[in-house]
Amino acid sequence: MKVIKGHELFVSAPDRVGLLADIAGKCADNAINILGICAAQREGTAGIYLHTDDPFRAAEVLNELHTVWQEVIIVDCPSTMGTLRNIAQKLADAHINMLYCYATVSEGPTAKLIMDTTHNDRALEVLSA
């Protein structure tokens, strides 16, 4: 299992039809690859976590929206039953709270889990052991 620190971009904007198409289009037009995404709408506001190959450039491209880049833990792990349970249990045993997570999975043998925790440095150590 490979565990690294990385960065993602959080975008918040008033929700509207076509917002995600506009964001994805701007990224594509600027050769920024979206590797993972988590998006939700609450009370008229869209919140979108973007894991891209260049979060700093994505923030520049999307500068008319409210954007924040933040540190995350990225775990390349087996896409097998029980893997998420094992990761979550290791964090729980170390008293580390997972604030949120999302994953990208293909039909291949590995998945990519992106997460933020209450203690990213410690989570990196625990999951790398």
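Quick notes
- Scanning segment 22-47 for residues that are under 21 Å from Ser106 (Cβ atoms) and part of a strand (DSSP E or B) gives Ile34, Leu35, Gly36, Ile37, Cys38, Ala39.
- Residue match in segment 58-77 (condition: over 19 Å from the mean Cα position of the chain (by Cα), surrounded by 15 or more Cβ atoms within 10 Å (Cβ to Cβ), over 30 Å from Glu125 (Cα atoms) and touching a residue at least 24 places away in the same chain (Cβ under 8 Å)): no
- Failed condition for Tyr49, given (1) modelled with pLDDT of 95 or more; (2) crowded, with 19+ Cβ neighbours inside 10 Å; (3) touching a helix residue (DSSP H, G or I) at 6+ places or on another chain (Cβ under 9 Å): (3)
- Matching residues, segment 94-116, being in contact with a helix residue (DSSP H, G or I) (Cβ under 8 Å, 6 or more places away or on another chain) and farther than 11 Å from Ile74 by Cα: Ala94, Ile96, Asn97, Met98
- Selection within segment 81-92 - without any contact (Cβ under 8 Å) to a residue 24 or more places away in the chain and at negative phi: Met81, Arg85, Asn86, Ala88, Gln89, Ala92
- Subset tally (residues that are of a type in the set (Ser, Thr, Tyr) and in contact with a Ser or Thr (Cβ under 7 Å, 6 or more places away or on another chain)) for segment 1-54: 2
- Residues that are within 16 Å of the chain's Cα centre (by Cα) and charged (D, E, K, R) were ranked within segment 5-26; the one that is farthest from Ala46 (Cα to Cα) is Lys5.
The values are calculated or read from the model by the stated rules, or taken from the named source; none is laboratory data. As the structure is a prediction and not an experimental result, all values here were calculated from the model. Ideal geometry is used to build each Cβ from the backbone, glycine not excepted, and the neighbour counts take in all protein chains shown.
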